[in-house]
Amino acid sequence: MPLTGGSALGCVAALDVGGTKIEAGVVDPRGGVLARARIPTPPDHGGVGAAQELFASAAELLAAVIAEASVVVDAVGVGCGGPMDASTVSPLNITQWRRFPLRAALVAEFGLPVGVDNDAKALALAEGAHGAASDVENFLAMVVSTGVGGGLVLDGRLLDGAMGNAGHIGHLVVDPQGRRCGCGGRGCLEAQVSGTAIAEITGRPASEADLSVRRWAGRLVGRAVGSVCNLLDLQLAVLAGSVSIGFGAPFVEAAQQELDRVARLPNCAGARIRIGGLAADGPLVGAACVGRLALSGTDL
């Protein structure tokens, strides 16, 4: 399937920017991570220089990893939280960046082709090229972590949407009476089951959530996945992220049970949930796929 991240070969510098951590790496053409490093996402201290200070931290990390890998990199690829548009990023969980020109800033810093896309869409590229969806042409890839995002592949093609935000399953409403979301809505999946939301609900880190919370979160994820399967005629959802992986079998089992309950149309019955096949490498491999698309001249 055409999800190899473009035909261009060579190593790519990869950057995964999230609300909790920033990770950088160098990825080879086979999806192998040659070097990597991470830092906590700097907190927003406000002020006119906050956006540039965050960028400087990310660029410094990326430069250090490129030096450590001791290889020539042909492009830079970035997976970042959304929303975003063709030239700027405005992640809901990174308040320093509002309409920040991340692509242009990286081009100026490194002098290389740069691709920037939603981190969950990047994961979809990675799982389609090297992971749990490598044998499938229609699937949803989903990240449940600090936030909740998604990427959609139909007929072997990653969907972009009008401004590049297609697949944002985190803002599908799963409980109309639920919590207020950072997007301004209420009851969005992200407001209910993201790591941030679970910590606020339980008063402790999401990693310490008890069995009942893990099952509850799984049910809501399965509800959202089922609705997407019904809408788009899908048979597979690939899950990644610290909550999906860290919550383990009870979370996945509850999600699958709810998916089975919701997706009842003949074409969707039997739709499956799989945990991503790339584990901790997924975000960097996905960012590298975005960089390869930029290098090959594909319009993101």
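No value in this document is a laboratory result; all are computed from the given coordinates. The shown structure was predicted, so the numbers you read here are calculated from the model rather than taken from an experiment. Note: ideal-geometry Cβ built from the backbone for every residue, glycine included; neighbour counts use all protein chains shown.
Show the residues, 5+ positions off or on another chain, whose built amide H is closer than 5 Å to the amide H of Ile22.
Ile39, Thr41
What does DSSP give for the chain in terms of the percent of beta bridges that are antiparallel, rounded to the nearest 5?
On the way: 25 of 45 bridges.
Bridges in the chain that DSSP calls antiparallel: roughly 55 percent.
Rg and Dmax of the stretch 164-250 over Cα atoms: what are they, in angstrom?
According to the Cα coordinates of the stretch 164-250, Rg and Dmax are 12.8, 38 Å.
Hey, rough spin-label estimate for Asn230 and Cys183, points 7 angstrom out along Cα→Cβ, what's it come to in nanometres?
1.8
For the stretch 126-230, run through the GluC sites (Glu not before Pro) and keep only the ones in DSSP coil with at most 15 other Cβ atoms within 10 Å of their Cβ. Write out the running numbers ahead of the final one.
Values: sites: Glu127, Glu137, Glu190, Glu200, Glu208; in loops: Glu137.
When the GluC sites (Glu not before Pro) of the stretch 126-230 are filtered for loop state and at most 15 Cβ neighbours within 10 Å, Glu137 remain.
Taking every DSSP beta bridge that has both residues in the stretch 135-276, what percent is antiparallel when rounded to the nearest 5? Don't jump to the answer; show the numbers that get you there.
Working: 10 of 18 bridges.
Of those bridges, close to 55 percent are antiparallel.
Would you mind estimating how fast the chain diffuses translationally, via Stokes-Einstein at 4 °C and 1.567 mPa s with the Kirkwood radius over Cα pairs, in µm²/s?
On the way: Rh = 18.9 Å.
Once the numbers are plugged in, D ends up at 68 µm²/s.
Exactly which trypsin sites (Lys or Arg not before Pro) in the stretch 209-282 are in a DSSP loop and have at most 11 other Cβ atoms within 10 Å?
Values: sites: Arg214, Arg215, Arg219, Arg223, Arg261, Arg264, Arg272, Arg274; in loops: Arg264.
Answer by residue number: Arg264.
Please give the Cα centre distance for the stretch 54-76 versus the stretch 117-178, rounded to the nearest Å.
If we compute the Cα centre of each part, the gap is 26 Å.
Rank the residues Met163, Met84, Met142 as a footprinting-exposure proxy: fewest other Cβ atoms within 10 Å of their Cβ go first. Provide the component values of the computation, followed by the final result.
Details: Met163 11, Met84 22, Met142 30.
Listed from fewest to most nearby Cβ atoms, that is Met163, Met84, Met142.
I need Ser227, Ser134 ordered by Cβ neighbour count within 10 Å, fewest first.
Values: Ser227 17, Ser134 14.
Going from sparsest to densest Cβ surroundings: Ser134, Ser227.
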